[in-house]
Amino acid sequence: MDVLSSLLLLTAGIIAGTFGGLLGVGGGFIMLPLLNFVFGYPLNLAIGTSITAVTFTAISGTLGHLRLRNVDLSTAKIVSAFGVLGAIAGSGAFFLLTEKIWILEIFMGIAFIYTSLRMIYEGLKREGMGEDKKSSISGSKISKSILGFSVGILTGLLGIGGGFILVPSFVYLFCSGVKIAVGTSMASFLSMAIVSSAFKLYQGVVDVIAALLLGSGTVIGAQLGTKLISKIPSWIVKAVFGFVFLYVSLRFLWSGFLALG
């Protein structure tokens, strides 16, 4: 890999980490389409490289939130444990579908439609998630187990699913405060990312150098994003990226259904 490509990947990681920090989620949902559409990585390689890079963000973010005591450890243990099981199942499904990229593209398009529509709605409504109300996350163990397993499947299959599903689920479904939701999401997602990336490494669908560069960039960018939170309203970021990812989702769907036809 030449110097220019390395710098571009590092920059992409910084961008992903910055906006991930602004939105309170990991940078995987930004890195994956960048790898696929901008850098020209095949989708399976983009998925493997992205989830491996996200592991760095998850480690850094988890340590930071633990220091700040923004993690509900009891919830994180449940979601994480069942998330690992889901990640194993999702990684197995990914292995079976690597020769049928169009199926992955359709799944990816559906996943990004959810992300984009939620961002557009909250952005245009200038909607935040409100202030923190409590330091723990309510809800039954069964519901948290189901959430963890579902997110784990998405993580193993598509290399995404952490923050952009866990954070709103904790806030809107379990009535959690924002800070505790973000911290618990990051801690819960760490094990899923590690398991998923280990499977992808074993399956040979990870560009290790690119993952290291992207991962290093996201760690830097996450710190920048955290500092920008007070200066840039989150609803502006959500609205802009919502429309961007609506395009991304439609492009994935178009490509998948075109191959199907």
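The values are calculated or read from the model by the stated rules, or taken from the named source; none is laboratory data. The structure displayed is predicted, hence computed values, not measured ones. For neighbour counting, all protein chains shown are included, and Cβ atoms are generated from backbone atoms with ideal geometry for every residue, glycine included.
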**Prompt:** Do you know which residues across the range 212-248 are more than 14 Å from Gly20 (Cα to Cα), modelled with pLDDT of 85 or more and touching a helix residue (DSSP H, G or I) at 6+ places or on another chain (Cβ under 6 Å)?
**Reply:** Leu213, Leu246
**Message:** For the range 209-227: of the residues being polar (S, T, N, Q) and surrounded by fewer than 20 Cβ atoms within 10 Å (Cβ to Cβ), which is farthest from Gly48 (Cα to Cα)?
**Reply:** Thr226
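Just to be sure before I move on: is Lys133 at pLDDT 85 or above and loosely packed, with under 14 Cβ neighbours inside 10 Å in the structure I sent?
Values: at pLDDT 85 or above: no; loosely packed, with under 14 Cβ neighbours inside 10 Å: yes.
Taking the combined requirement at face value, the residue does not satisfy it.
Find the helices (runs of 4 or more DSSP H) located wholly in the range 25-123 whose residues include 1 or more that are more than 13 Å from the chain's Cα centre (by Cα) and within 23 Å of Ala12 (Cβ to Cβ), and list them. Walk me through it before giving the result.
Numbers: elements: 28-33, 43-67, 73-97.
Passing ranges, in order: 43-67, 73-97.
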**Message:** I'm trying to understand the selection: among the residues of the range 139-162, which are among the polar types (S, T, N, Q) and in a helix (DSSP H, G or I)?
**Reply:** Ser143, Ser145, Ser150, Thr155
**Request:** Can you tell me which residue within the range 163-177, out of those that are in a helix (DSSP H, G or I) and in contact with a Lys or Arg (Cβ under 9 Å, 6 or more places away or on another chain), is surrounded by the most Cβ atoms within 10 Å (Cβ to Cβ)?
**Result:** Phe164
**Message:** Test of understanding: among Val182, Val195, Val206, which residue is of a type in the set (Val, Ile, Thr), surrounded by 20 or more Cβ atoms within 10 Å (Cβ to Cβ), assigned to a helix (DSSP H, G or I) and over 14 Å from the mean Cα position of the chain (by Cα)?
**Reply:** Val195
**Item:** Residue check for Gly256: more than 17 Å from the chain's Cα centre (by Cα) and on the phi > 0 side of the Ramachandran plot
**Value:** no
**Request:** Being basic (Lys, Arg) and either more than 22 Å from Leu154 (Cα to Cα) or loosely packed, with under 15 Cβ neighbours inside 10 Å (or both) is the filter here, so list the residues in the range 59-86 that pass it.
**Result:** Arg67, Arg69
**Request:** Determine, yes or no, whether Leu258 is buried (at least 18 other Cβ atoms within 10 Å of the Cβ) and either at pLDDT 80 or above or aromatic (Phe, Trp, Tyr) (or both).
**Result:** no
**Asked** What's the number of the condition Ile101 fails, among (1) under 26 Å from Leu212 (Cα atoms); (2) out of contact with any Pro (no Cβ under 8 Å at 6 or more places or on another chain); (3) among the aliphatic types (A, V, I, L, M)?
**Response** (2)
**Asked** Which condition breaks for Ala193 when tested against (1) over 27 Å from Arg69 (Cβ atoms); (2) among the small types (Gly, Ala, Ser); (3) at pLDDT 85 or above?
**Response** (1)
**Asked** Checking Lys231 against (1) buried (at least 24 other Cβ atoms within 10 Å of the Cβ); (2) outside any helix (DSSP H, G or I), which single condition isn't satisfied?
**Response** (1)
